[in-house]
1. Just the projected area, averaged over all directions, of the convex hull on the alpha carbon atoms of segment 29-70: how many nm²?
2. Convex hull over the alpha-carbon atoms of the chain: what's its volume per residue in Å³?
3. Mean residue ellipticity at 222 nm from the helices of the chain, using -39,500 (n - 2.57) per DSSP H segment of n ≥ 4 over the full residue count, to the nearest 500 deg cm²/dmol?
4. Anything over 23 Å Cα to Cα? Flag those among Lys192/Lys311; Lys108/Lys311; Lys270/Lys314; Lys134/Lys311; Lys249/Lys270, in the order listed.
5. For segment 92-199, what percent of Cα pairs sit more than 22 Å apart?
6. Show me, bin by bin at 5 Å from 0, the whole-percent P(r) of segment 1-53 based on Cα pairs.
7. Work out how much length Leu19 to Val138 would gain on full extension: take 0.36 nm times their residue separation and subtract the Cα-Cα distance, in nm to one decimal.
8. How far, in degrees from 0 to 90, does helix 14-23 lean away from the longest principal axis of the Cα atoms of the chain, to the nearest 10?
Amino acid sequence: MVKAVVLGAAGGIGQPLSLLLKASPLVDELALYDVVNSPGVAADLSHISSPAKVTGYLPKDDGLQNTLEGANVVVIPAGIPRKPGMTRDDLFKINAGIVRDLITGVAKYCPKAFILIISNPVNSTVPIAAEILKKHNVFDPSRLFGVTTLDVVRASTFVAEIVGEKDSRNIVVPVVGGHSGDTIVPLLSLTKPSVSIPADKHDGLVNRIQYGGDEVVKAKDGAGSATLSMAFAGYRFAESVIKAVRGEKGIVEPSYVYLPGVPGGDEIAKAVGVDFFAVPVELGPNGVAKATNPLGSINEDEKKLLEVAIKGLKTNIDKGVEFASAEP
Ligand code: NAI
């Protein structure tokens, strides 16, 4: 039995993500939580002819507890999105507190669930989640994921456009580091199958992968950031976690994880000098089965990008840890 939960289910990401989870034959129960409109979204989705039983809760009447009890997979897209001119870090003030409160609920009501954090700034909200889980003595690093799948989805799409591949799913680009601007490091030299990017397009491509989110923020002109592509990416990651739990082998997805606590991660953490970092992760029945290290064979350009990313990540991680440590 798989019970999936979406926290922030009535939002721009939450609604299409909940739709994809409801449509999935892999989900038996779907519980939706938000501060507004979640019962409405649940009622709407419940008419879809698929196996998942859908419920929707608001904070009143122990809504968070009812949502989370028995959950296996908790996806969190709750919080405010960017407007033009904002960085993901500008969201910290509001979203840090939202993630803290929701993770406190997870720690109390479903401490063994896989936790997928979408709320930005992911570079800081995942360290906040880790600290809160530690405070409740339930932190299992193999079960806590920052969702960076959208960066990988964008990288595949943009590379495919340049090399003329019709189906971008055939192109896999490892993207490592964090999830904002120059902390996002696409390793184009390790693209599979290998591709040749014309020299005059290389820097523009890297920049587009790092700042692709800004294209959407600008185009939406004040109405938010990526929601539909994020729902696609978030669902892809959730589906991969569920498939791995059900015993499927060889599933690799990139994710922003606490490296020192996951198999294979310690060595990478030492190499990069930060504890939270996105790498391609092999998933298994208990979450992270192995963090893989693609950094051994990267080129000089990528090493420079990595240096910049690590600097930014350190600041973002410290900010998250400090915030959570200051909490009682
Ligand atoms: P939205 O504003 O459309 O939806 C957010 C939802 O969260 C709203 O329905 C709101 O009522 C709900 N919410 C607020 N406080 C809550 C609480 N305490 N408990 C439960 N629900 C609460 O925003 P959108 O566009 O769905 O984005 C959500 C988050 O996802 C933002 O932080 C955004 O920056 C982030 N994001 C992350 C991406 C990634 O790649 N990881 C990509 C795109 C967005």
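1. 2.7
2. 129
3. Estimated from H runs of four or more residues: -14500 deg cm²/dmol.
4. Among Lys192/Lys311; Lys108/Lys311; Lys270/Lys314; Lys134/Lys311; Lys249/Lys270, the Cα-Cα distance tops 23 Å for Lys192/Lys311; Lys108/Lys311; Lys134/Lys311; Lys249/Lys270.
5. When all Cα pairs of segment 92-199 are counted, 44 percent exceed 22 Å.
6. 5, 25, 36, 23, 9, 1
7. Full-extension gain reported as 39.8 nm.
8. Result, in degrees: 80.
Read-outs: derived from the displayed coordinates by stated rules, not from any lab. For clarity, every value in this text was computed on a predicted model and none was experimentally measured. Positions of Cβ are backbone-derived with ideal geometry, glycine not excepted, and every protein chain shown enters the neighbour counts.
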